[in-house]
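Enquirer: Here it is, the structure in full.
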Amino acid sequence: MIKQKFTKLFQKKQPEHTSNTDPFVFVHIPKTAGTSFRVAIQQHESVYCDYGKQSEFTSPDVTACLYKLSNFYELKQRILKRKGEALCGHFPIQRFADFAPITHQVTFVREPIKRVISHYNHFVTYNNFEGDLISFVKKHMNVQSRALHAIPIELIGQLGITECYAESLNLINSGLNSQYVALTHNVKTQNHIDELQLNDELLQTLQHHNQDDIVLYQKAIALHQQRVALFEAQKEWTYIHAKVNDNHVIHGCAFYQRSPDPVQLDVYINGNFIRSFMANQFYGLHPKFIFPRDRYIAFRYEIPKHFIGLIETIELRVVSTQQNYVITQ
(Lines give C-alpha, C1' and ligand atoms only; values in the text may rest on other atoms or scores of the structure.)
Protein backbone atom coordinates (compact mmCIF):
# COMPACT_ATOMS: atom_id res chain seq x y z
CA MET A 1 0.00 0.00 0.00
CA ILE A 2 1.13 3.55 -0.67
CA LYS A 3 1.82 5.42 2.54
CA GLN A 4 -0.71 8.12 3.35
CA LYS A 5 0.86 11.56 2.94
CA PHE A 6 -1.97 13.74 4.19
CA THR A 7 -1.46 16.02 7.20
CA LYS A 8 -4.05 17.54 9.53
CA LEU A 9 -3.93 20.66 7.39
CA PHE A 10 -5.37 18.77 4.44
CA GLN A 11 -8.09 17.17 6.56
CA LYS A 12 -9.73 20.56 7.06
CA LYS A 13 -12.09 22.01 4.51
CA GLN A 14 -10.16 24.26 2.15
CA PRO A 15 -11.49 27.46 0.60
CA GLU A 16 -12.10 27.56 -3.12
CA HIS A 17 -9.22 28.27 -5.55
CA THR A 18 -6.45 27.17 -3.16
CA SER A 19 -5.10 24.44 -5.46
CA ASN A 20 -2.23 24.81 -7.89
CA THR A 21 -3.67 22.21 -10.23
CA ASP A 22 -4.39 23.04 -13.84
CA PRO A 23 -7.92 22.61 -15.23
CA PHE A 24 -9.05 19.01 -15.53
CA VAL A 25 -12.03 16.94 -16.63
CA PHE A 26 -13.54 14.25 -14.42
CA VAL A 27 -15.58 11.57 -16.19
CA HIS A 28 -17.93 10.46 -13.42
CA ILE A 29 -19.06 6.92 -14.23
CA PRO A 30 -22.11 6.11 -12.07
CA LYS A 31 -21.50 4.16 -8.84
CA THR A 32 -17.70 4.21 -8.94
CA ALA A 33 -17.13 6.54 -5.93
CA GLY A 34 -17.42 9.51 -8.26
CA THR A 35 -19.63 11.53 -5.91
CA SER A 36 -17.03 11.20 -3.16
CA PHE A 37 -14.34 12.47 -5.50
CA ARG A 38 -16.52 15.32 -6.76
CA VAL A 39 -17.23 16.48 -3.19
CA ALA A 40 -13.49 16.28 -2.44
CA ILE A 41 -12.56 18.51 -5.37
CA GLN A 42 -15.36 20.96 -4.60
CA GLN A 43 -13.53 21.81 -1.39
CA HIS A 44 -10.62 23.13 -3.46
CA GLU A 45 -11.81 24.02 -6.95
CA SER A 46 -14.57 25.82 -8.75
CA VAL A 47 -16.36 22.78 -10.15
CA TYR A 48 -18.72 22.89 -13.14
CA CYS A 49 -21.03 19.93 -13.64
CA ASP A 50 -22.74 18.33 -16.61
CA TYR A 51 -25.13 15.64 -15.43
CA GLY A 52 -27.59 16.12 -18.25
CA LYS A 53 -30.11 18.69 -19.41
CA GLN A 54 -32.70 17.90 -16.74
CA SER A 55 -30.36 17.29 -13.80
CA GLU A 56 -30.43 19.60 -10.81
CA PHE A 57 -26.67 19.07 -10.48
CA THR A 58 -25.86 20.55 -13.90
CA SER A 59 -24.24 23.97 -13.52
CA PRO A 60 -25.99 27.09 -14.89
CA ASP A 61 -23.00 27.88 -17.15
CA VAL A 62 -23.21 24.41 -18.67
CA THR A 63 -26.96 24.72 -19.17
CA ALA A 64 -26.57 28.13 -20.80
CA CYS A 65 -23.70 27.22 -23.10
CA LEU A 66 -24.53 23.65 -24.05
CA TYR A 67 -28.23 22.98 -23.59
CA LYS A 68 -29.48 26.39 -24.74
CA LEU A 69 -26.84 27.53 -27.23
CA SER A 70 -25.00 24.27 -28.06
CA ASN A 71 -21.80 26.31 -27.85
CA PHE A 72 -18.92 24.17 -26.58
CA TYR A 73 -16.37 26.83 -27.47
CA GLU A 74 -18.05 29.42 -25.24
CA LEU A 75 -18.13 26.97 -22.35
CA LYS A 76 -14.45 26.15 -22.83
CA GLN A 77 -13.52 29.83 -22.83
CA ARG A 78 -15.72 30.62 -19.86
CA ILE A 79 -14.76 27.97 -17.33
CA LEU A 80 -11.50 26.24 -18.20
CA LYS A 81 -8.96 29.00 -18.75
CA ARG A 82 -7.93 29.58 -15.14
CA LYS A 83 -6.22 27.42 -12.51
CA GLY A 84 -8.50 25.70 -10.03
CA GLU A 85 -11.24 24.82 -12.51
CA ALA A 86 -12.76 21.37 -12.99
CA LEU A 87 -15.54 20.01 -15.17
CA CYS A 88 -17.24 16.80 -14.10
CA GLY A 89 -20.36 14.78 -14.76
CA HIS A 90 -21.96 11.75 -16.39
CA PHE A 91 -20.61 12.01 -19.92
CA PRO A 92 -18.32 9.99 -22.22
CA ILE A 93 -14.67 10.96 -22.20
CA GLN A 94 -14.88 12.13 -25.82
CA ARG A 95 -17.35 14.91 -24.94
CA PHE A 96 -14.82 17.24 -23.31
CA ALA A 97 -11.59 15.65 -24.55
CA ASP A 98 -10.23 19.00 -25.79
CA PHE A 99 -10.98 20.88 -22.56
CA ALA A 100 -7.86 19.60 -20.79
CA PRO A 101 -4.73 17.62 -21.70
CA ILE A 102 -5.00 13.84 -21.74
CA THR A 103 -2.90 13.77 -18.54
CA HIS A 104 -5.69 15.80 -16.88
CA GLN A 105 -8.55 13.53 -17.89
CA VAL A 106 -9.68 11.75 -14.71
CA THR A 107 -11.99 8.81 -14.02
CA PHE A 108 -12.60 5.86 -11.70
CA VAL A 109 -13.59 2.32 -12.66
CA ARG A 110 -15.08 -0.38 -10.45
CA GLU A 111 -15.46 -4.16 -10.48
CA PRO A 112 -18.29 -4.52 -13.03
CA ILE A 113 -20.68 -6.86 -11.19
CA LYS A 114 -20.52 -4.82 -7.98
CA ARG A 115 -20.96 -1.63 -9.97
CA VAL A 116 -24.03 -2.83 -11.88
CA ILE A 117 -25.72 -4.09 -8.69
CA SER A 118 -25.06 -0.77 -6.97
CA HIS A 119 -26.38 1.06 -10.04
CA TYR A 120 -29.53 -1.05 -10.02
CA ASN A 121 -30.13 -0.43 -6.30
CA HIS A 122 -29.69 3.30 -6.87
CA PHE A 123 -32.22 3.31 -9.73
CA VAL A 124 -34.79 1.41 -7.69
CA THR A 125 -34.37 3.74 -4.71
CA TYR A 126 -34.11 7.12 -6.42
CA ASN A 127 -35.52 6.65 -9.93
CA ASN A 128 -38.50 4.43 -9.04
CA PHE A 129 -37.27 1.69 -11.37
CA GLU A 130 -39.72 -1.23 -11.15
CA GLY A 131 -38.06 -3.80 -13.39
CA ASP A 132 -35.87 -6.70 -12.31
CA LEU A 133 -32.08 -6.78 -12.38
CA ILE A 134 -31.87 -8.46 -15.80
CA SER A 135 -34.11 -5.90 -17.49
CA PHE A 136 -32.02 -3.13 -15.94
CA VAL A 137 -28.74 -4.66 -17.08
CA LYS A 138 -29.96 -4.99 -20.66
CA LYS A 139 -30.54 -1.22 -20.70
CA HIS A 140 -27.35 -0.34 -18.82
CA MET A 141 -24.72 -2.82 -20.00
CA ASN A 142 -20.99 -2.08 -20.28
CA VAL A 143 -21.47 1.40 -18.86
CA GLN A 144 -17.78 1.87 -18.08
CA SER A 145 -16.33 0.75 -21.39
CA ARG A 146 -18.91 2.77 -23.33
CA ALA A 147 -17.96 5.90 -21.37
CA LEU A 148 -14.25 5.41 -22.07
CA HIS A 149 -14.21 3.71 -25.49
CA ALA A 150 -12.90 6.78 -27.36
CA ILE A 151 -9.37 6.40 -25.97
CA PRO A 152 -7.27 3.36 -24.98
CA ILE A 153 -7.47 2.96 -21.24
CA GLU A 154 -3.67 3.01 -20.88
CA LEU A 155 -3.63 6.60 -22.19
CA ILE A 156 -6.16 8.01 -19.70
CA GLY A 157 -4.25 10.47 -17.56
CA GLN A 158 -5.59 9.70 -14.10
CA LEU A 159 -7.27 6.30 -13.83
CA GLY A 160 -8.57 5.43 -10.36
CA ILE A 161 -9.85 2.11 -9.03
CA THR A 162 -12.85 2.29 -6.70
CA GLU A 163 -11.69 -0.71 -4.67
CA CYS A 164 -8.26 0.96 -4.25
CA TYR A 165 -9.64 4.43 -3.58
CA ALA A 166 -6.96 5.71 -1.16
CA GLU A 167 -4.11 4.50 -3.36
CA SER A 168 -5.81 5.94 -6.43
CA LEU A 169 -6.30 9.29 -4.76
CA ASN A 170 -2.61 9.45 -3.90
CA LEU A 171 -1.72 8.80 -7.54
CA ILE A 172 -4.22 11.40 -8.73
CA ASN A 173 -2.90 13.96 -6.24
CA SER A 174 0.60 13.33 -7.53
CA GLY A 175 -0.50 13.56 -11.16
CA LEU A 176 -2.56 16.72 -10.74
CA ASN A 177 -0.39 18.41 -8.10
CA SER A 178 -3.45 18.46 -5.85
CA GLN A 179 -4.28 17.76 -2.21
CA TYR A 180 -7.65 16.01 -2.28
CA VAL A 181 -8.77 14.12 0.80
CA ALA A 182 -10.62 10.79 0.76
CA LEU A 183 -14.30 11.40 1.58
CA THR A 184 -17.32 9.11 1.54
CA HIS A 185 -20.59 10.25 -0.02
CA ASN A 186 -23.66 8.77 -1.72
CA VAL A 187 -23.23 5.25 -0.29
CA LYS A 188 -26.53 4.91 1.61
CA THR A 189 -28.58 3.40 -1.20
CA GLN A 190 -30.96 0.68 0.05
CA ASN A 191 -29.88 -2.81 -1.02
CA HIS A 192 -32.77 -4.29 -2.99
CA ILE A 193 -30.37 -7.00 -4.12
CA ASP A 194 -26.77 -7.79 -3.24
CA GLU A 195 -24.04 -9.92 -4.74
CA LEU A 196 -24.63 -12.78 -2.30
CA GLN A 197 -28.14 -13.26 -3.75
CA LEU A 198 -26.85 -14.01 -7.25
CA ASN A 199 -27.15 -17.62 -8.34
CA ASP A 200 -24.79 -19.00 -10.97
CA GLU A 201 -27.20 -18.42 -13.83
CA LEU A 202 -27.86 -14.80 -12.90
CA LEU A 203 -24.15 -14.12 -12.36
CA GLN A 204 -23.31 -15.56 -15.77
CA THR A 205 -25.98 -13.37 -17.35
CA LEU A 206 -24.52 -10.25 -15.73
CA GLN A 207 -21.04 -11.24 -16.85
CA HIS A 208 -22.24 -11.89 -20.40
CA HIS A 209 -23.85 -8.46 -20.70
CA ASN A 210 -20.83 -6.70 -19.18
CA GLN A 211 -17.96 -8.58 -20.83
CA ASP A 212 -16.40 -5.40 -22.21
CA ASP A 213 -16.41 -3.86 -18.74
CA ILE A 214 -14.80 -6.98 -17.27
CA VAL A 215 -11.95 -6.82 -19.79
CA LEU A 216 -11.56 -3.08 -19.17
CA TYR A 217 -11.43 -3.56 -15.41
CA GLN A 218 -8.80 -6.29 -15.64
CA LYS A 219 -6.61 -3.97 -17.70
CA ALA A 220 -7.20 -1.14 -15.24
CA ILE A 221 -6.16 -3.28 -12.26
CA ALA A 222 -2.94 -4.32 -14.00
CA LEU A 223 -2.14 -0.70 -14.87
CA HIS A 224 -2.89 0.42 -11.32
CA GLN A 225 -0.59 -2.17 -9.78
CA GLN A 226 2.22 -1.24 -12.13
CA ARG A 227 1.68 2.45 -11.49
CA VAL A 228 1.75 1.98 -7.71
CA ALA A 229 5.04 0.09 -7.98
CA LEU A 230 6.67 2.89 -9.97
CA PHE A 231 5.22 5.53 -7.64
CA GLU A 232 6.73 3.79 -4.62
CA ALA A 233 10.05 3.53 -6.48
CA GLN A 234 9.81 7.28 -7.21
CA LYS A 235 9.97 6.68 -10.96
CA GLU A 236 7.98 8.67 -13.48
CA TRP A 237 5.00 7.00 -15.11
CA THR A 238 5.03 6.56 -18.88
CA TYR A 239 1.81 6.28 -20.90
CA ILE A 240 2.17 3.65 -23.62
CA HIS A 241 -0.19 2.25 -26.22
CA ALA A 242 0.89 -0.04 -29.05
CA LYS A 243 -0.42 -2.57 -31.55
CA VAL A 244 0.92 -4.71 -34.38
CA ASN A 245 -0.81 -4.15 -37.72
CA ASP A 246 -1.38 -6.62 -40.55
CA ASN A 247 1.92 -5.58 -42.13
CA HIS A 248 3.81 -6.67 -38.99
CA VAL A 249 4.59 -3.11 -37.95
CA ILE A 250 4.59 -2.14 -34.27
CA HIS A 251 2.98 1.29 -33.98
CA GLY A 252 1.71 3.42 -31.13
CA CYS A 253 2.64 6.26 -28.81
CA ALA A 254 4.47 6.87 -25.55
CA PHE A 255 4.93 9.94 -23.37
CA TYR A 256 5.98 10.75 -19.83
CA GLN A 257 3.54 12.03 -17.23
CA ARG A 258 5.60 15.18 -16.64
CA SER A 259 8.82 15.28 -18.64
CA PRO A 260 8.67 16.85 -22.13
CA ASP A 261 11.50 14.60 -23.32
CA PRO A 262 10.77 11.91 -25.90
CA VAL A 263 10.47 8.38 -24.53
CA GLN A 264 13.14 5.88 -25.54
CA LEU A 265 11.85 2.32 -25.81
CA ASP A 266 13.50 -1.07 -26.12
CA VAL A 267 11.62 -3.77 -28.00
CA TYR A 268 11.90 -7.42 -26.96
CA ILE A 269 10.58 -10.29 -29.05
CA ASN A 270 10.21 -13.66 -27.35
CA GLY A 271 12.22 -12.25 -24.46
CA ASN A 272 15.16 -11.20 -26.64
CA PHE A 273 16.30 -7.59 -27.00
CA ILE A 274 15.94 -6.46 -30.63
CA ARG A 275 16.61 -2.72 -30.75
CA SER A 276 15.83 0.72 -29.27
CA PHE A 277 13.82 3.56 -30.81
CA MET A 278 12.42 6.95 -29.82
CA ALA A 279 8.74 7.90 -29.57
CA ASN A 280 9.14 11.22 -31.38
CA GLN A 281 7.02 10.94 -34.52
CA PHE A 282 3.69 12.68 -35.05
CA TYR A 283 0.67 10.88 -33.55
CA GLY A 284 -2.48 11.38 -35.62
CA LEU A 285 -4.99 9.16 -33.82
CA HIS A 286 -7.64 10.34 -31.32
CA PRO A 287 -7.66 13.88 -32.80
CA LYS A 288 -9.89 15.51 -30.19
CA PHE A 289 -7.54 14.69 -27.31
CA ILE A 290 -4.68 16.99 -26.28
CA PHE A 291 -1.36 15.12 -26.14
CA PRO A 292 2.00 16.44 -24.91
CA ARG A 293 4.93 17.41 -27.18
CA ASP A 294 2.48 18.79 -29.77
CA ARG A 295 1.67 15.13 -30.56
CA TYR A 296 5.26 14.16 -31.43
CA ILE A 297 4.94 11.03 -29.30
CA ALA A 298 4.49 8.24 -31.87
CA PHE A 299 6.71 5.37 -32.93
CA ARG A 300 6.76 2.84 -35.71
CA TYR A 301 8.94 -0.26 -36.02
CA GLU A 302 8.79 -2.94 -38.68
CA ILE A 303 9.34 -6.43 -37.26
CA PRO A 304 12.21 -8.22 -39.05
CA LYS A 305 10.93 -10.77 -41.53
CA HIS A 306 12.79 -13.68 -39.96
CA PHE A 307 10.57 -13.31 -36.85
CA ILE A 308 7.30 -13.57 -38.75
CA GLY A 309 5.44 -16.72 -37.74
CA LEU A 310 7.68 -17.30 -34.74
CA ILE A 311 6.51 -14.52 -32.42
CA GLU A 312 5.18 -15.54 -29.02
CA THR A 313 5.58 -12.29 -27.08
CA ILE A 314 6.35 -8.66 -27.88
CA GLU A 315 7.31 -6.36 -25.04
CA LEU A 316 8.28 -2.69 -24.92
CA ARG A 317 10.40 -1.33 -22.07
CA VAL A 318 11.00 2.29 -21.13
CA VAL A 319 14.78 2.68 -21.05
CA SER A 320 14.80 5.25 -18.24
CA THR A 321 12.55 3.33 -15.80
CA GLN A 322 12.26 -0.24 -17.14
CA GLN A 323 8.47 0.08 -17.11
CA ASN A 324 7.19 -2.62 -19.44
CA TYR A 325 4.26 -2.89 -21.85
CA VAL A 326 3.22 -6.21 -23.36
CA ILE A 327 1.61 -5.95 -26.80
CA THR A 328 -1.37 -8.25 -27.19
CA GLN A 329 -1.69 -9.62 -30.72
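Enquirer: Using packing as a proxy for protection, rank 284-292, 112-120 so that the peptide with the highest average count of other Cβ atoms within 10 Å comes first.
Expert: 112-120, 284-292
Enquirer: Right, another one. Please report the carbon-and-sulfur percent of the accessible area for the chain; probe 1.4 Å, protein heavy atoms only, DNA, RNA and ligands left out.
Expert: 49 percent
Enquirer: Residues of the chain: accessible area per residue at 1.4 Å, in Å²?
Expert: With the other protein chains kept in place, the chain gives 50 Å² per residue.
Enquirer: From the Cα gyration tensor of segment 46-184, with a ≥ b ≥ c the square roots of its eigenvalues, which class applies: rounded if a/c is under 1.5, or else prolate if a/b is larger than b/c, or else oblate?
Expert: Note, shape of segment 46-184 comes out oblate.
Enquirer: Per-residue counts of other Cβ atoms within 10 Å, averaged by peptide: what ranking do you get for 252-263, 150-161, 219-230, highest first?
Expert: Ranking the peptides 252-263, 150-161, 219-230 by packing returns 150-161, 252-263, 219-230.
Enquirer: Which links in Lys53/Lys138; Lys31/Lys76; Lys76/Lys219; Lys53/Lys139; Lys31/Lys288 stretch past 30 Å when you go from one Cα to the other?
Expert: Those over the limit are Lys76/Lys219.
Enquirer: OK, next. At 1.4 Å probe size, put Glu85, Glu195, Glu236 in order of accessible surface, largest to smallest.
Expert: The residues order as Glu195, Glu236, Glu85, largest area first.
Enquirer: Ordered by residue, what ³J(HN,Hα) values in Hz, to whole numbers, does segment 162-169 give under the Karplus form 6.51 cos²θ - 1.76 cosθ + 1.60, where θ = phi - 60° and Gly and Pro are x?
Expert: With the stated coefficients, segment 162-169 comes to 4, 5, 10, 4, 5, 4, 4, 5 Hz.
Enquirer: For the modelled label position 7 Å from the Cα of Val249 along Cα-to-Cβ, which residues of segment 296-322 have backbone nitrogen atoms closer than 15 Å?
Expert: Hits in segment 296-322 for Val249 at 15 Å: 298-305.
Enquirer: Sticking with this one: Mind giving me the FRET efficiency for Thr321 and Ile290? R0 is 25 Å, r the Cβ-Cβ distance, nearest 0.05 is fine.
Expert: 0.60
Enquirer: Please list 125-133, 275-283, 206-214 highest first by mean number of surrounding beta-carbon atoms within 10 Å per residue.
Expert: Packing proxy ranking, top to bottom: 206-214, 275-283, 125-133.
Enquirer: Related question: Please list, or write none, the aspartates and glutamates whose alpha carbon is within less than 12 Å of the alpha carbon of Lys243, excluding same-chain residues fewer than 8 places away.
Expert: Here the aspartates and glutamates satisfying the reach criterion relative to Lys243 are Glu302, Glu315.
Enquirer: Report the extension gain between Glu130 and Leu198 in nm, rounded to one decimal, defined as 0.36 nm multiplied by the number of residues separating them, less their alpha carbon distance.
Expert: Extending this stretch completely gives an extra 22.6 nm.
The values are calculated or read from the model by the stated rules, or taken from the named source; none is laboratory data. If you're wondering where the values come from, they're calculated on a predicted model, not measured in any experiment. Ideal geometry is used to build each Cβ from the backbone, glycine not excepted, and the neighbour counts take in all protein chains shown. The protein model used for the area step is the full one, side chains on, heavy atoms only, and it has no ligands, DNA or RNA in it. Shrake-Rupley method; radii C 1.70, N 1.55, O 1.52, S 1.80 Å.
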